[in-house]
Amino acid sequence: MGHRPSSSSSGPWRDRRVLVTGGAGFIGSHLVDLLLARGEHVTVIDDLSTGRRDNLPRVHERLRVIEADLSDAVRALGKGERFDRIYHLAAAVGVKLVMDEPVRSIETNVTKTADLLAFALDHGPDGGSAPTLLASSSEVYGKSERSPFHEDDDVTYGPTTKGRWSYACTKAIDEYLGLAYARTRNLGVVIVRFFNTVGPRQVGSYGMVLPNFVAAALEGRPIDVHGDGGQTRCFCDVRDAVEALPALLGCESCRGRVFNLGSDRPISMFELARLVTGTLGSDSQIRLVPYDRVYGPGFEDLRQRQPDLGRIREAIGFAPRVGLERTILDLAERMRDRPRSESIA
């Protein structure tokens, strides 16, 4: 991407009306900040099950927050409600949440998306459809051993008796449904597969690795690395990620397509733990913890998860800018400003 959007409220997006589902969450709230800075009018729908109201401005003349179940909220919005853009980020997220609450996670990810897409068909400008961005996940690739992952790769999942794969399947169903709406009902759908997005406001209670590592380092507790620590991931700062979303949704040639979004620079979990302690000057010990002690017997994980970013680079010139050390420092600063229970819960 050529440059960061100005925080000025002037520009072609000024006074645009947008809907952000899950807008009080980690990624959603950063997107709301960006949209408000550009002069857009933002409606947020969030049930605050995993999001936080204080992630958003308490009062803002161009922000409306609806605290409600997504399906109930879209049914309650009147026929006169019109949105120029819709960003659907509401979802059950995190491996731990999926393992602990499988029914809620599956129903949230499938039924709420179906209701949102139906809503988007006739709540756009002039009663037509509203271009809609669907947040998906790198989990969709399942157990694929290809590297890096390309958007058109085949996917492989474990058996249905392994609940760990239910999240991947729900997000895949969301993608199938979104692409079907694009193909058969001419809805301008863009699908984004997020790869390990990290940064300020992220919490660790749903299995998110970096905030857990940072919280442990700040408190001098041991940093628990699951498995043998050799598994690799690519981490992208949330502030880089959200800048790509309006660019993708505003690009007509991107509609009806799927895009990887993240960093393509891998780091092992053990190396990440060492980077956290080194960056924060922490004396925390790093210890390896077997998967079965955390998630129960038979848990399956991927050895690597690296995206092919060729498609998104070609489409909007995307290139992450914020270094991982900067992300760690900013996440730590956010945690220091909050009570411990809010930092990791």
inquiry  = Cβ-Cβ distance below 6 Å, separation of 6 or more or different chains: which pairs start in segment 298-310 with a residue that is over 16 Å from D153 (Cα atoms) and in contact (Cβ under 8 Å) with a residue 60 or more places away in the chain and end on one that is part of a loop (DSSP other than H, G, I, E, B) and small (G, A, S)?
reply    = E300/G158
message = If I ask for residues that are surrounded by fewer than 17 Cβ atoms within 10 Å (Cβ to Cβ) and of a type in the set (D, E), which ones from segment 239-283 would you list?
response = E252, E271, D283
query = Take the residues of segment 94-111 that are of a type in the set (V, I, T) and crowded, with 23+ Cβ neighbours inside 10 Å: which is modelled with the highest pLDDT?
reply = T108
remark   = From the option list L116, L134, single residue qualifying as out of contact with any helix residue (DSSP H, G or I) (no Cβ under 6 Å at 6 or more places or on another chain) and either closer than 23 Å to V203 by Cα or in a helix (DSSP H, G or I) (or both) is L116
request  = Filter segment 284-322 down to residues that are in a helix (DSSP H, G or I), exposed (fewer than 13 other Cβ atoms within 10 Å of the Cβ) and in contact with a helix residue (DSSP H, G or I) (Cβ under 9 Å, 6 or more places away or on another chain), then give me how many there are.
outcome  = 0
request  = With respect to E300, determine if the residue is at pLDDT below 95 and under 25 Å from Y176 (Cβ atoms).
outcome  = yes
ask   = Does I27 satisfy the criteria of being within 24 Å of D126 (Cβ to Cβ) and either at pLDDT 95 or above or assigned to a strand (DSSP E or B) (or both)?
value = no
query = So which residues in segment 72-93 are crowded, with 19+ Cβ neighbours inside 10 Å and in contact (Cβ under 8 Å) with a residue 40 or more places away in the chain?
reply = V74, F83, R85, I86, Y87, H88, L89, A90, A91, A92, V93
task = Output yes when any residue across segment 116-133 is aliphatic (A, V, I, L, M), over 15 Å from V20 (Cβ atoms) and crowded, with 22+ Cβ neighbours inside 10 Å, and no when none is.
result = yes
ask   = If only one of A168, A182 is of a type in the set (A, V, I, L, M, F, W, C) and more than 20 Å from the chain's Cα centre (by Cα), which one is it?
value = A182
query = Of all strands (runs of 3 or more DSSP E) completely enclosed by segment 164-238, which ones contain at least 3 residues that are in contact with a His (Cβ under 7 Å, 6 or more places away or on another chain), at positive phi and surrounded by fewer than 20 Cβ atoms within 10 Å (Cβ to Cβ)?
reply = none
ask   = Just checking, how many residues over segment 47-67 are part of a loop (DSSP other than H, G, I, E, B) and either at negative phi or of a type in the set (V, I, T) (or both)?
value = 12
Long-range neighbours under 6 Å by Cβ, at least six apart or interchain, first residue polar (S, T, N, Q) within segment 239-266, second surrounded by 20 or more Cβ atoms within 10 Å (Cβ to Cβ) and outside any loop (DSSP other than H, G, I, E, B) = N260/R193; N260/P307; S263/C234; S263/C236
query = Does L249 meet the test of being out of contact with any helix residue (DSSP H, G or I) (no Cβ under 7 Å at 6 or more places or on another chain) and hydrophobic (A, V, I, L, M, F, W, C)?
reply = yes
message = Based on this model, can you work out whether D54 counts as acidic (D, E) and buried (at least 19 other Cβ atoms within 10 Å of the Cβ)?
response = no
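The values are calculated or read from the model by the stated rules, or taken from the named source; none is laboratory data. Keep in mind the model is a prediction, meaning the values are calculated, not measured. With ideal geometry, Cβ positions are generated from the backbone for all residues, glycine too; neighbour counts draw on all protein chains shown.
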